[in-house]
Amino acid sequence: MQFRTSGFRGIAGVAAAATLVAGAALYSLSVSAQPKLDIHFVPTPHEVVKRMLEIAKVGPNDVHYDLGSGDGRIVIAAVKDFKAKKGVGIDLDPQRIKEATENKAKAGLGDNVTFREQNIFETDLSEATTVSMYLLTSINIRMRPKLLKELKPGTRIVTHAFNMGEWKAEHDESVNGYQVYLFIVPANVNGKWELSEGEKKIALDLKSEFTELSGTATINGKSAEIKGGKITGTKIEFTADGVKYEGTVDGNSITGSGATKWTAKKA
């Protein structure tokens, strides 16, 4: 069956079709321009925000980063309530960045609070001294190498609901049914060290996995397994040949503390 259409209606139909095609193209561009989000924003209750920042011991000397900052509430609380000298929120969702910026203005905060539309995996984290995260465990685990590489030893990381896999928390607790975890970035002590304790010399071969420390200590040509090894930020402790050693790591040197007076240098 065939239908006859007048010239005018034919032109109108073509125009309508063109409009639909153009509209569909614009919609397609709009959708494709939206960032692909690994997770969608779920706000952290305010009482959990407060406890997270307390556990991380955020204070006036801290630069606080919130990864996946949503509406900005954690960054705003870090600066306004805990007096952090600077707060930075990172989020890939432009709508959340807009909302966070508006909330910052409502809180009366200035240039010491910023929100960046960025991918957390591409953000330089090196200036942060405290970090908060409300992400999935799988994303936390993907972030671990970056956190350990870029953050300074002693940086406190607090997470909501999800842990870091094999990286054991220094502290965890439930806040009104919401789980929170504290992690402290450990110093990298992997490798060979020369320990001096007066006239006593010990060759150390240290291996660390996150905060757990193992390895061997060689004394007078005899090797013994290191026991009770742990790294908490820049603090290190282990037992070798029945003696407990505690100290502070500073790059390629360790200064002993406690009852045993000793130092160590990277070999």
Note to self: Taking the condition of being out of contact with any Gly (no Cβ under 6 Å at 6 or more places or on another chain), in a strand (DSSP E or B) and of a type in the set (A, V, I, L, M), how many residues in region 87-123 meet it?
What the structure shows: 2
Item checked: Residue tally, condition of a type in the set (S, T, N, Q), closer than 19 Å to Asn190 by Cβ and out of contact with any strand residue (DSSP E or B) (no Cβ under 6 Å at 6 or more places or on another chain), over region 217-267 -> 0
Check: Only one of (1) of a type outside the set (Val, Ile, Thr); (2) exposed (fewer than 14 other Cβ atoms within 10 Å of the Cβ); (3) not assigned by TED's automatic domain parsing to the domain that holds Val131 fails for Gly165. Which number is that?
Finding: (3)
Next item on the list: Could you tell me whether Ala84 is closer than 20 Å to Lys152 by Cβ, in contact with a helix residue (DSSP H, G or I) (Cβ under 7 Å, 6 or more places away or on another chain), assigned to a helix (DSSP H, G or I) and at pLDDT 95 or above?
Entry: no
Next item on the list: Give Ser126, Ser196, Ser132, Ser208 a once-over and let me know the one that is outside the structural domain of Thr248 (by TED's automatic domain parsing) and part of a strand (DSSP E or B).
Entry: Ser132
Next item on the list: Residues being closer than 21 Å to Glu212 by Cβ, over 28 Å from the mean Cα position of the chain (by Cα) and surrounded by 15 or more Cβ atoms within 10 Å (Cβ to Cβ): count how many of those fall in region 242-265.
Entry: 5
Next item on the list: Working only within region 54-76, note down all residues that are surrounded by fewer than 23 Cβ atoms within 10 Å (Cβ to Cβ) and part of a helix (DSSP H, G or I).
Entry: Glu54, Ile55, Arg73
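Would you pick out the residues in region 107-138 that are touching a Leu at 6+ places or on another chain (Cβ under 9 Å), surrounded by fewer than 17 Cβ atoms within 10 Å (Cβ to Cβ) and of a type in the set (Val, Ile, Thr)?
Taking region 107-138 and keeping what is touching a Leu at 6+ places or on another chain (Cβ under 9 Å), we get 117-120, 123, 125-126, 128-135.
Those still in the list that are surrounded by fewer than 17 Cβ atoms within 10 Å (Cβ to Cβ) too: 117-119, 123, 126.
Across region 107-138, the qualifying residue is only Thr123.
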Notebook entry, point to check: Within the set of pairs 6+ apart or on separate chains, which have a first residue in region 101-123 that is within 20 Å of Leu67 (Cβ to Cβ), a second that is among the aromatic types (Phe, Trp, Tyr) and buried (at least 16 other Cβ atoms within 10 Å of the Cβ), and C-beta atoms under 6 Å apart?
Noted result: Thr101/Phe115
Notebook entry, point to check: Residues in region 179-199 that are more than 17 Å from Arg156 (Cα to Cα) and touching a residue at least 40 places away in the same chain (Cβ under 8 Å): how many?
Noted result: 9
Next item on the list: State yes or no: is Glu173 under 23 Å from Pro45 (Cβ atoms) and acidic (Asp, Glu)?
Entry: yes
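The values are calculated or read from the model by the stated rules, or taken from the named source; none is laboratory data. Computed from a predicted model, the values in this text were never measured in an experiment. Reconstructed Cβ throughout: ideal geometry from the backbone, glycine too, with neighbour counts over all protein chains shown.
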